[in-house]
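Enquirer: First the structure, then my questions, so here it is.
The values are calculated or read from the model by the stated rules, or taken from the named source; none is laboratory data. Not measured: the values here are computed from a predicted model. Neighbour counts run over all protein chains shown; Cβ positions are idealised from the backbone, glycine included. Ligands, DNA and RNA are excluded from the accessible area calculation, which covers all protein heavy atoms including side chains. Shrake-Rupley method; radii C 1.70, N 1.55, O 1.52, S 1.80 Å.
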Amino acid sequence: MTATQKRIVINRIALALSTLSAVVALGFLFWILYVLFSNGINALNWNIFTMEGAPPGYEESGLKHALVGQLILVGLATLIGVPLGIMAGTYLSEYGKNSKLAHTIRDISDIMMSAPSIVIGAFVYAVVVMPMGHFSAWAGAIALGIIMIPIILRTTDDMLQLVPGTLREAAFALGAPKYKVIMDVVYRGAKAGILTGVLLGIARVGGETAPLLFTSFNDNFFTTDLNEAMPSLTVTIFNYAISPYEDWQQLGWAAAFILSMFILGLNILGRLILFYGKKRK
């Protein structure tokens, strides 16, 4: 066999293994979606959106408490994480640039993005829950906000760096101060990418369970008191899925389906915004 023939054979083997790996990975993904859709859609009914949690065996049982609690937790985390993430990303791109401090912040941000979320939950438990003496929605939102910050920070930093420097120079030549250039020129040029990062950050924390077990814990009844334990979809899924009661397990499937559709919708919306943002340029 000549050297050329060997290269062709190796190339075909590599292609076959790569294709097989992709098919296996997609097969598992569609398997998960099939199980989730078949069980989740069958478990959906109107009571899920209008009724609160109830003991096992009660027909009038729903997930209103968990749906509202999830929205409160993710909403508060967004209010904490988005401004801090965008401001920090702006500092890195527009002020820090290639300084040692900027590189250090980028490295720490990368480490935080790969850190297990349960570690963040344990940290917030130590600095917020223990001093307060009880679980609360505030603690859960702080934990989710901390997880969200590095995602938005890195996305904002990357998107702002893609804005051509000539746009900044043109604005400076017209006498605009730096904050005006950032607000009216740089942000405007990167708004699609920044918004996509925000949506991806929300989608990421929307599916977190481990940090909430340490911070907001859970409640089987409706509440909007931010100083008390707050119900959430993710922890409710965990509790209902491991319970021995069939009606609770069905509610768990419905909660998993609703949460998956929420996160899938945010991801699709983020990609559409990025796609049309690039198309307009």
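Enquirer: Averaging sequence separations of C-alpha pairs under 8 Å and six or more residues apart, then dividing by the length of the range 1-128, give the relative contact order as a whole percent.
Expert: Details: 37 pairs, mean separation 11.4, N = 128.
Relative contact order here is 9 percent.
Enquirer: Can I ask one more? Which percent of the accessible heavy-atom area of the chain goes to carbon and sulfur, probe 1.4 angstrom? Each step should come with its number before you reach the end.
Expert: Working: 11050 of 15940 Å².
Within the chain, the accessible surface is 69 percent carbon and sulfur.
Enquirer: For the range 133-190 and the range 106-123, what is the separation of their Cα centres, given in Å?
Expert: 20
Enquirer: While we're here: Residue separation times 0.36 nm, minus the C-alpha to C-alpha distance between Phe172 and Arg12: what's the value? Kindly include the intermediate steps, with their values, before the conclusion.
Expert: Values: separation 160, 0.36 × 160 = 57.60 nm, distance 5.53 nm.
Contour length minus Cα-Cα distance gives 52.1 nm.
Enquirer: Taking the simple approach of a point 7 Å from Cα along Cα-to-Cβ for both Glu60 and Phe37, what is their distance in nm?
Expert: 3.5
Enquirer: For Ala102 and Ala22, compute 0.36 nm times the residue count separating them, minus their Cα-Cα distance, and round to one decimal in nm.
Expert: On the way: separation 80, 0.36 × 80 = 28.80 nm, distance 3.76 nm.
Taking 0.36 nm per residue and subtracting the Cα distance, the gain is 25.0 nm.
Enquirer: Could you compute how much accessible surface Ser18 exposes when probed at 1.4 Å, giving the result in Å² to the nearest 10?
Expert: Here the accessible area works out near 70 Å².
Enquirer: Still on this structure, please answer the following. Within the chain, which DSSP H helices have Cα atoms that stretch 20 Å or more along the helix axis and a mean Kyte-Doolittle hydropathy of at least 1.0? Numbers along the way, then the final one.
Expert: Numbers: long enough: 3-43 (60 Å, 1.25); 64-90 (38 Å, 1.50); 100-114 (21 Å, 0.13); 137-161 (35 Å, 1.19); 187-206 (28 Å, 0.86); 246-280 (51 Å, 0.59).
Helices meeting the criterion: 3-43, 64-90, 137-161.
Enquirer: Could I ask something else about it? Can you work out the accessible area per residue across the range 25-65, with the rest of the protein chains kept in place, probe 1.4 Å, in square angstrom?
Expert: Values: 2830 Å² over 41 residues.
Ligands and nucleic acids excluded, the result is 69 Å² per residue.
Enquirer: When a/c is below 1.5 the answer is rounded, else prolate if a/b is larger than b/c, else oblate, so apply that to the chain with a ≥ b ≥ c taken from the square roots of the Cα gyration tensor eigenvalues.
Expert: Details: a/c = 2.07, a/b = 1.24, b/c = 1.67.
Judged from the Cα gyration tensor, the chain comes out oblate (a/c at least 1.5, b/c at or above a/b).
Enquirer: Stretched out fully, how many nm does the piece from Phe49 to Gln161 gain, at 0.36 nm a residue minus the Cα gap?
Expert: Values: separation 112, 0.36 × 112 = 40.32 nm, distance 4.34 nm.
36.0 nm is the gain from fully extending Phe49 to Gln161.
Enquirer: Related question: Skip the ligands, DNA and RNA, and give the accessible area per residue of the range 185-281 with a 1.4 Å probe, whole Å².
Expert: Value for the range 185-281: 50 Å² per residue.
Enquirer: Are there any chymotrypsin sites (Phe, Trp or Tyr not before Pro) in the range 1-47 that are in a DSSP loop and have at most 10 other Cβ atoms within 10 Å? List them by number. All intermediate terms of the calculation are to be shown ahead of the outcome.
Expert: Working: sites: Phe28, Phe30, Trp31, Tyr34, Phe37, Trp46; in loops: Trp46.
Those satisfying the criteria are Trp46.
Enquirer: With the Cα gyration tensor of the range 79-189 in hand, give its eigenvalues times 5 under a square root as the equivalent ellipsoid semi-axes, listed largest first in whole angstrom. The partial results should precede the final answer.
Expert: Details: eigenvalues 232, 42, 21 Å².
Whole-Å semi-axes of the equivalent ellipsoid: 34, 15, 10.
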